[in-house]
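The values are calculated or read from the model by the stated rules, or taken from the named source; none is laboratory data. Keep in mind the model is a prediction, meaning the values are calculated, not measured. Note: ideal-geometry Cβ built from the backbone for every residue, glycine included; neighbour counts use all protein chains shown.
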Amino acid sequence: MAHSTSTTDSLIVRLNSGNTSSAELEQATGKSQSWVSTALRRLITQRRVVRVGSRRGARYALRRDIPPIGSAWPLYRVGRDGEPIDLGTLYALVADEFYLEATKAATAAGLAVASLSAGIPYLLQDQRPGGSLAAQFRNDFHSCMLRREFRTGPMSTTYDTSRPTEAMW
């Protein structure tokens, strides 16, 4: 069964607004469940879409490429013995969402759970620079804050960028 590019594009358009279910995609495209499933499998194989969850309640999300680092990264934690522990894979998604696909071992050990989050995931929140390190970061990368795309957007506030301040972070 051939999948027309225009109808596959309609899946992409719907996924651009954030994660969605298969049923919502069926309704948006007017196509059957089997057609949507086949198209989603193709997009997952092409690494354009990620499946969030593994059962009937699964949702699908469009991956967001962040040049030059891509859209998916392995996530590790350093254990008490100094050895790395594989927590899973972190995916950047459209609509400023992230998905952590946790490994079975990390989930069983209580180190991570598969989770979809708006913005940076909770377990990475403490990795942001703070204190004197944040002040140095702001000073070193102040010119980045002058670029319009770093200062505007749906979740941003416009700041006085004539000098770096704590409010900018």
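Exactly one residue out of SER132, SER34 is among the polar types (S, T, N, Q) and farther than 22 Å from ASP9 by Cβ, and it is SER132.
Give me the residue from region 4-29 that is surrounded by fewer than 14 Cβ atoms within 10 Å (Cβ to Cβ) and at pLDDT below 90 and, out of that set, nearest to TYR91 (Cα to Cα). Among those that are surrounded by fewer than 14 Cβ atoms within 10 Å (Cβ to Cβ) and at pLDDT below 90, it is ASP9.
A Cβ distance below 7 Å, combined with a sequence gap of six or more or placement on separate chains, defines the contacts here; from region 71-86, residues that are under 15 Å from LEU124 (Cα atoms) and modelled with pLDDT of 90 or more reach residues that are assigned to a strand (DSSP E or B) and of a type in the set (Gly, Ala, Ser) in the pairs LEU75/GLY88. The residues of region 58-75 that are more than 15 Å from SER37 (Cβ to Cβ) and in a loop (DSSP other than H, G, I, E, B), listed by number, are ARG64, ASP65, PRO67, PRO68, ILE69, SER71. Got at least one residue in region 25-34 being of a type in the set (A, V, I, L, M) and outside any helix (DSSP H, G or I)? Checked region 25-34: no residue is of a type in the set (A, V, I, L, M) and outside any helix (DSSP H, G or I).
In this structure, does PRO67 turn out to be within 14 Å of the chain's Cα centre (by Cα), modelled with pLDDT under 90 and of a type outside the set (S, T, N, Q)? In short, yes.
Look at (1) out of contact with any strand residue (DSSP E or B) (no Cβ under 7 Å at 6 or more places or on another chain); (2) modelled with pLDDT of 95 or more; (3) of a type in the set (Phe, Trp, Tyr) and you find that TRP35 fails only one, number (2). Applying a threshold of 8 Å to beta carbon distances and a minimum spacing of six or more residues, or different chains, the list of pairs starting in region 10-22 at a residue that is over 14 Å from ARG42 (Cα atoms) and ending at one that is of a type in the set (Val, Ile, Thr) and assigned to a loop (DSSP other than H, G, I, E, B) reads LEU15/VAL94; ASN16/VAL94; SER17/VAL94; GLY18/VAL94.
Table: residues versus (1) outside the structural domain of ASN19 (by TED's automatic domain parsing); (2) in contact with a Ser or Thr (Cβ under 6 Å, 6 or more places away or on another chain); (3) farther than 18 Å from ARG14 by Cβ; (4) β-branched (Val, Ile, Thr).
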| site | (1), (2), (3), (4) |
| --- | --- |
| ARG47 | no, no, yes, no |
| ARG77 | yes, no, yes, no |
| LEU90 | yes, no, yes, no |
| LEU100 | yes, yes, yes, no |
| LEU111 | yes, no, yes, no |
